[in-house]
């Protein structure tokens, strides 16, 4: 599903002359092809849509980090470019969960895994990543889970 959408959107962007979207979608397709190559030894070539979502989420995180560094280095032009790419990439990701829905999901993961101590953090995070890939910021969720397991 995602691959066809990227190809179609890339063609449309090329026809429209949208250079930013063209370059961003080319970066996305290159990242997906790289993930396909990495998955070959495990026999999972091509990667599935859930893995593509993970690739996109990773790309967003990288761009946020880069934009932050550029802003600290007084290179707002580069930071703005990264932020524009984030908008394009996020348009392909599932809708992000709000704080209330995230807390409900964390509570469900606690119940499902039987987590009771900090040693169980990996189980909880694994369950959340499997069920809600691309729908929540796992950096923030990790802090929530850690606080609840104290």
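Step by step: first the residues of the stretch 39-68, then only those that are over 15 Å from the mean Cα position of the chain (by Cα) and free of Cβ contacts under 8 Å to residues at least 12 places away in the same chain, then the one that is surrounded by the fewest Cβ atoms within 10 Å (Cβ to Cβ). Which residue is that?
Checking each candidate, the answer is 43.
Being over 21 Å from residue 1 (Cα atoms), touching a helix residue (DSSP H, G or I) at 6+ places or on another chain (Cβ under 8 Å), in the same structural domain as residue 138 (by TED's automatic domain parsing) and crowded, with 17+ Cβ neighbours inside 10 Å narrows it down to one of 79, 109, so name that one.
That would be 109, the only listed residue that is over 21 Å from residue 1 (Cα atoms), touching a helix residue (DSSP H, G or I) at 6+ places or on another chain (Cβ under 8 Å), in the same structural domain as residue 138 (by TED's automatic domain parsing) and crowded, with 17+ Cβ neighbours inside 10 Å.
Name the helices (runs of 4 or more DSSP H) wholly within the stretch 77-150 that hold at least 3 residues that are more than 29 Å from residue 30 (Cβ to Cβ) and at pLDDT 85 or above?
99-113, 121-131
What's the total number of residues in the stretch 18-60 that are on the phi < 0 side of the Ramachandran plot and outside any helix (DSSP H, G or I)?
Matching residues across the stretch 18-60 total 6.
Would you confirm whether or not the stretch 105-116 contains a residue that is closer than 25 Å to residue 35 by Cβ and within 19 Å of the chain's Cα centre (by Cα)?
no
The values are calculated or read from the model by the stated rules, or taken from the named source; none is laboratory data. This is a predicted model, so every value here is computed, not measured. Neighbour counts run over all protein chains shown; Cβ positions are idealised from the backbone, glycine included.
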